[in-house]
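Before any comments, here is the structure.
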Amino acid sequence: MKVKDIMSTSVNIIGTEEPISRARNLMMKHNISRLIVAKKQSPDTATSKSTEVIPIGVVTKTDLTHRLDQAEPKWRRRPIDNIPVNVVMTHDPVTIFPEATPKQAAEILLENNISGMPVIKSESDKSVVGIITKLDLIRYYSNLDDKTGVEDIMDDFFITVHRHHTISHVIHEMKGNEVERVIVLDDSNKPVGIITHTNLALGKMLNSEGGLPSKDVKMARKNRNGGEKIFRSVKELSMVAEDIMSAPLFTLSKNSTGVEAAKIMADERINGIPIVNDEIIGIVNARNIIRAIVKR
């Protein structure tokens, strides 16, 4: 099997000068995590399929949540409608050819610490013919006859947060521990959800002033003892983990296989599954599946 057999041929394109708010909206509309950036792409063709596009960059949901912190100071406090894609995109993206193998694709993703790359025609013709992502490789692995157990491929290092922790705390934990997801626990320390860069990209960027999102809470008070509660005011509060987490949470036992994990990840379009044996003992993520492909 070759990359051309498992890649996605629907390629979504965005121009370098288009605002990152449009990039975010395209990702939400098409349920994708990355866009290929082209030098001259008019807005009316920005979502079309194309085989004549030369990629000069890639912009991902991770870029939208973290790269603005590394951008020049003049961009940091601008509304997202005014920040062009070229400020946050990854320039000169890694590419691969259609005739490469899934194992070669997996090796390149691991070596470059990326989650997807454009597929180009050839060394002489760098036109895009598709894109291969970790999800494509997960689907590929989910159809293999592999009995490797999740305990053999999972990470035993994971970060948890409480459902009432603020989004600021969640971001701090993800950055400080260099993880791509955190598991959300309830008051009984049971896992109830998961937060990834996708959740943050769709949540953090809601505030066009550059701040973290908030929510309005209606405050009510009885007008007299035993009386009916009457609306008094609206209070703005910080959003917390349970407001943006993905739920319900899919989990697996330690006796499950990597292929079983891959099937759930592919079907549900998720990137991580906690492994539970009375309590959480690890997590299987896309990178674990990609490593399993390389080891075959």
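The values are calculated or read from the model by the stated rules, or taken from the named source; none is laboratory data. In this text the structure is predicted, and so the values were computed from the model without any measurement. Counting neighbours? That spans all protein chains shown, and the Cβs are built from the backbone with ideal geometry, glycine included.
Odds and ends about this structure:
- Filter pass, T251 being among the polar types (S, T, N, Q), out of contact with any His (no Cβ under 6 Å at 6 or more places or on another chain) and modelled with pLDDT of 90 or more: yes
- Meets criteria (closer than 21 Å to R181 by Cα, under 19 Å from the mean Cα position of the chain (by Cα) and either modelled with pLDDT under 90 or of a type outside the set (D, E, K, R) (or both)) for I13: no
- Residue selection: S42 fails the criterion of being closer than 23 Å to Y140 by Cα, in contact with a strand residue (DSSP E or B) (Cβ under 8 Å, 6 or more places away or on another chain), modelled with pLDDT under 90 and among the small types (G, A, S).
- Residues in segment 253-296 that are part of a strand (DSSP E or B), among the aliphatic types (A, V, I, L, M) and either surrounded by fewer than 21 Cβ atoms within 10 Å (Cβ to Cβ) or in contact with a Ser or Thr (Cβ under 6 Å, 6 or more places away or on another chain) (or both): V276, I280, I281.
So that you can scan it fast, the table gives a plain yes or no per residue for (1) surrounded by fewer than 17 Cβ atoms within 10 Å (Cβ to Cβ); (2) modelled with pLDDT of 95 or more; (3) touching a strand residue (DSSP E or B) at 6+ places or on another chain (Cβ under 7 Å):
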position: E72; (1), (2), (3): yes, no, no
position: R76; (1), (2), (3): yes, no, no
position: I80; (1), (2), (3): no, no, yes
position: I83; (1), (2), (3): no, no, yes
position: V88; (1), (2), (3): no, no, yes
position: P98; (1), (2), (3): yes, yes, yes
position: P102; (1), (2), (3): no, yes, no
position: A106; (1), (2), (3): no, yes, no
position: I114; (1), (2), (3): no, no, no
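- Residue that is surrounded by the fewest Cβ atoms within 10 Å (Cβ to Cβ), among those in segment 150-197 that are under 20 Å from the mean Cα position of the chain (by Cα) and among the small types (G, A, S): G176
- Single match in I275, I290, I244, I280 (criterion: modelled with pLDDT of 85 or more and not assigned by TED's automatic domain parsing to the domain that holds M154): I290
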